[in-house]
Amino acid sequence: MRVVLHADVDGVGTKGEVVEVADGHARNLLLPAGKAVKATAGAEAQAQGMRRRRSVRDASDRAAAEEIAKVLVPSTISVRAKAAGTEGRLFGSVGTAEVADAIEEQTGIVVDKRKLVLDEPIKETGEFQVTARLHPNVQFPVRLEVVGA
């Protein structure tokens, strides 16, 4: 059955796509959940409009992410840890929430903590790198300097 997706569906497609799926999958899952409608001429025209709007929004999101990258890549963000013991070990750790707060405080740029990727929490003072993934096609390193209070 040909359907027009009204939402992103893993393994099937993205919003606005016209896809061919098994009849049972469409009848039992996609149509009742409102994630798709049967593909008619009118629905396909509507899907084309959704795809155009999505591509325009995606282009503007990418441009905004690239502008943020131009500001954050050359700078070093200083994160003040609550307390540090001898030899630079922290009591606790620095996570993405603290990094996002420090970025906003020092540059005025609001970055969602879920867009920052730490391999593991930072548990000592020093210099580190965090990856920022603001857009599927835009990811860049952010330099951090963790200092004890």
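Structure notes:
- The range 74-100 residues that are farther than 19 Å from Glu120 by Cβ, paired with ones that are surrounded by fewer than 14 Cβ atoms within 10 Å (Cβ to Cβ) (beta carbon under 6 Å, 6 or more apart): Arg80/Val147; Arg80/Ala149; Ala83/Phe91; Ala83/Ala149
- Among the residues listed as Ser60, Ser78, Ser55, the single one being among the polar types (S, T, N, Q), in contact with a strand residue (DSSP E or B) (Cβ under 6 Å, 6 or more places away or on another chain) and loosely packed, with under 15 Cβ neighbours inside 10 Å: Ser78
- Taken over the range 30-43, the criterion of being within 29 Å of the chain's Cα centre (by Cα) and surrounded by 11 or more Cβ atoms within 10 Å (Cβ to Cβ) is satisfied by Leu30, Leu31, Ala33, Lys35, Ala36, Val37.
- Residue match in the range 86-98 (condition: more than 30 Å from Thr14 (Cα to Cα) and among the hydroxyl-bearing types (Ser, Thr, Tyr)): yes
- Test: Met50 is surrounded by 14 or more Cβ atoms within 10 Å (Cβ to Cβ) and at pLDDT below 90: yes
- Search result, residues across the range 108-140 that are in a strand (DSSP E or B) and surrounded by fewer than 14 Cβ atoms within 10 Å (Cβ to Cβ): Val117, Gly126, Glu127, Gln129, Thr131
- Of the residues making up the range 83-94, at least one is under 16 Å from Leu144 (Cα atoms), surrounded by 15 or more Cβ atoms within 10 Å (Cβ to Cβ) and within 21 Å of the chain's Cα centre (by Cα).
- Scanning the range 54-86 for residues being of a type outside the set (A, V, I, L, M, F, W, C), modelled with pLDDT of 90 or more and part of a loop (DSSP other than H, G, I, E, B) gives a total of 2.
- Test: Thr40 is outside the structural domain of Ala132 (by TED's automatic domain parsing), more than 18 Å from Ala132 (Cα to Cα) and of a type in the set (S, T, N, Q): yes
The values are calculated or read from the model by the stated rules, or taken from the named source; none is laboratory data. Nothing here was measured: the structure is a model prediction, and the numbers come from that model. Reconstructed Cβ throughout: ideal geometry from the backbone, glycine too, with neighbour counts over all protein chains shown.
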